[in-house]
Amino acid sequence: MDNTKLKSRMSGKVQELQKPPAEQVAPVVATADNTALAPVNSSYIALTNNALDIIRANLKSQPLSLDLFDIVKSPSGGSTVFEVPGLAGNEAAMELTGIVLDYTTPRAYWDTPDPVEGTPPVCVSQNSIISFDGKACAHCPYNDFGSKDGDSNAKACKESVLLFLLRPNNIIPLLVRVPVTSKPRFLKYSTRLISTLTPISSVVTKITLEKATSKQGKPYALFNFEAVSMLTPEEADHARTFGQQFMEIVNAAQLVPELAEAS
């Protein structure tokens with residue numbers, strides 16, 4: 001066979017092999033913001049194409065305020081069982097599993113040592129870096145260890161992490177408040193995902209508790225974080241887009257005064 005014809009045929013075969021199989025090319029559907037995404041079959045019903053439309057329709061352009069969310073806090077007394085709000089009241093859970101769509105790192109300062117629950121803070125920050133009035137948290141005396149009282153090394157300004165955890169068969173994320181004692185653990189978990197180029201919203205995270213004791217002999221709960229499975233590429237695309245658009249609806253900037261609480 002003529003070499004020119006052979007090269008032509010081989011080139012055509014290579015181009016044909018490089019084309020993706022027809023069965024792997026999924027149809028695309030335009031979401032509300034014209035972002036093209038493939039339909040996804042998942043137990044996470046919030047990742048379906050009409051979840052955001054349902055939220056917008058039900059809200060009637062009203063913002064999602066923090067008090068509309070179900071919140072899970074760190075249990076007291078070193079308990080290793082979560083109390084999760086449910087339709088019939090609080091339900092006990094040994095673990096929480098879902099997709100961390102997003103998170104904030106709020107901090108707040110009260111000018112009384114034991115503020116009543118629900119008392120608004122004197123100063124608050126959404127990201128633990130800049131306060132609501134534009135001051136650097138790192139230079140604040142209430143950010144110093146030992147500033148809370150003379151008997152401990154705690155800071156007067158209270159830090160935490162607030163996770164937006166999307167669970168299967170739910171459209172609205174569960175808010176999980178991680179205390180400052182477990183903040184380093186969550187940041188280390190997030191950093192480990194970064195080291196493998198893995199977005200936190202592309203894995204299913206399991207959260208559990210373990211009992212610990214402070215230097216003063218008081219029991220408390222430490223949070224553990226574990227990636228138990230990876231989302232499919234389609235689920236990961238939807239989770240990222242859903243998380244971004246959901247947080248736009250929430251508009252976290254408007255929630256700054258509500259992100260921290262006295263407890």
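The values are calculated or read from the model by the stated rules, or taken from the named source; none is laboratory data. All values reported here derive from a predicted model rather than from experimental measurement. Neighbour counts are summed over all protein chains in view; Cβ atoms, including those assigned to glycine, are modelled from backbone coordinates with ideal geometry. Surface areas here come from the heavy atoms of the whole protein model, side chains and all, with no ligands, DNA or RNA. Shrake-Rupley method; radii C 1.70, N 1.55, O 1.52, S 1.80 Å.
Within a Cβ distance under 13 Å of Ser201, other residues only, what is the Lys/Arg minus Asp/Glu net charge? The partial results should precede the final answer.
On the way: positive: Arg240; negative: Asp102, Glu235, Asp237.
Summing Lys and Arg as +1 and Asp and Glu as -1 gives -2.
Just read off the accessible area of Leu101 with the full protein assembly in place, 1.4 Å probe, to the nearest 10 Å².
Solvent-accessible area, nearest 10 Å²: 20 Å².
Treat every Asp and Glu Cβ in the range 161-247 as -1 and every Lys and Arg Cβ as +1, leave all other atoms uncharged, and give the resulting dipole magnitude about the Cα centre to the nearest 20 debye.
600 debye
Sort Asp114, Asp53 by accessible area with a 1.4 Å probe, largest first.
Descending accessible area places them as Asp114, Asp53.
Local charge sum around Asn224 (other residues, Cβ-Cβ under 10 Å, Lys/Arg +1, Asp/Glu -1)?
-1
At most 12 other Cβ atoms within 10 Å and a DSSP loop assignment: could you name the trypsin sites (Lys or Arg not before Pro) in the range 174-219 that fit?
Lys215
Taking amide H atoms as placed 1.01 Å from N in the peptide plane, list the residues 5 or more away in sequence, or in a different chain, whose amide H sits under 5 Å from that of Val122.
Here Tyr109, Trp110, Asp111 satisfy the definition.
I'd like the Karplus ³J(HN,Hα) series for the range 178-191: coefficients 6.51, -1.76, 1.60, θ = phi - 60°, whole numbers in Hz, and an x wherever there's a Gly or Pro.
9, x, 4, 5, 10, 4, x, 5, 5, 5, 5, 4, 4, 5
How much accessible surface does Val81 have with a 1.4 Å probe, in Å² rounded to 10?
Looks like 50 Å² after rounding.
Could you work out what % of the accessible surface of the range 80-144 is carbon and sulfur, using a 1.4 angstrom probe and leaving DNA, RNA and ligands out of the count? Numbers along the way, then the final one.
Values: 2170 of 3840 Å².
Taking all protein chains in place, the range 80-144 shows 57 percent carbon and sulfur surface.
So for Cys140, Cys157, what's the accessible-area order with a 1.4 Å probe, most first?
These residues rank, largest area first, as Cys140, Cys157.
Using protein chains only and a probe of 1.4 angstrom, how many square angstrom of Ser42 are accessible, to the nearest 10?
Rounded to the nearest 10, that gives 30 Å².
Suppose accessible area is computed on protein heavy atoms with a 1.4 Å probe; arrange Thr80, Thr191 from highest to lowest.
Thr191, Thr80
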